[in-house]
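J.: Starting off with a structure, shown below.
The values are calculated or read from the model by the stated rules, or taken from the named source; none is laboratory data. All of these numbers come straight from a predicted model, not from anything done at the bench. Using ideal geometry, Cβ is built from the backbone for each residue, glycine included, and neighbour counts are taken over all protein chains shown. Protein only, heavy atoms only, side chains kept; ligands, DNA and RNA dropped before computing areas. Shrake-Rupley method; radii C 1.70, N 1.55, O 1.52, S 1.80 Å.
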Amino acid sequence: MKKNNEFTFESLQDCESIIKYLEALSEGFKNHKIVFGAEGETFAMFPDGLLDFEISAKTKNNRSKMTITCSWKSEDHADEEGCLSIKSDK
């Protein structure tokens with residue numbers, strides 16, 4: 001589950017439950033705040049700006065798998081490389 005700056009949860013769910021989780025994620029992206037919680041622990045993330053988005057899907061034998069990954073840099077930790085900076089020595 002939660003370890004330092006990490007949240008992990010795994011369980012067996014039906015499609016209706018997965019739909020509810022995906023809808024909650026969608027609302028979280030719209031509001032720029034996603035809060036995960038389980039076993040009395042919570043973990044918040046604040047997606048904003050440009051996000052890297054990756055989706056993959058595969059089927060092998062009788063098992064199918066879909067993985068969705070979103071990643072971003074928080075504004076206060078953003079790498080300034082490639083950003084314009086204009087300064088005056090006056």
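J.: Under the condition of being among the polar types (S, T, N, Q) and open to solvent by 90 Å² or more (accessible area, probe 1.4 Å), which residue from the stretch 43-77 is nearest to A24 (Cα to Cα)? Before you say what the answer is, go through the steps one by one.
T.: Taking the stretch 43-77 first, the residues among the polar types (S, T, N, Q) are 56, 59, 61-62, 64, 67, 69, 71, 74.
Adding the requirement that they be open to solvent by 90 Å² or more (accessible area, probe 1.4 Å) leaves 59, 61-62.
Details: T59: 27, N61: 31, N62: 29 Å.
Going through the qualifying residues, I end up with T59.
J.: List pairs: first residue in the stretch 14-41 and without any contact (Cβ under 8 Å) to a residue 12 or more places away in the chain, second residue outside any helix (DSSP H, G or I) and open to solvent by 80 Å² or more (accessible area, probe 1.4 Å) anywhere in the structure, Cβ distance under 6 angstrom, at least six positions apart or on different chains.
T.: From the stretch 14-41, the pairs are V35/T42.
J.: Right, next: Quick one: in the stretch 1-13, which of the residues that are open to solvent by less than 90 Å² (accessible area, probe 1.4 Å) and within 18 Å of M66 (Cβ to Cβ) is modelled with the lowest pLDDT?
T.: Among those residues, the one meeting the criterion is T8.
J.: While we're here: Check whether at least one residue in the stretch 25-42 is out of contact with any Leu (no Cβ under 7 Å at 6 or more places or on another chain), part of a loop (DSSP other than H, G, I, E, B) and surrounded by fewer than 11 Cβ atoms within 10 Å (Cβ to Cβ), and report yes or no.
T.: Yes.
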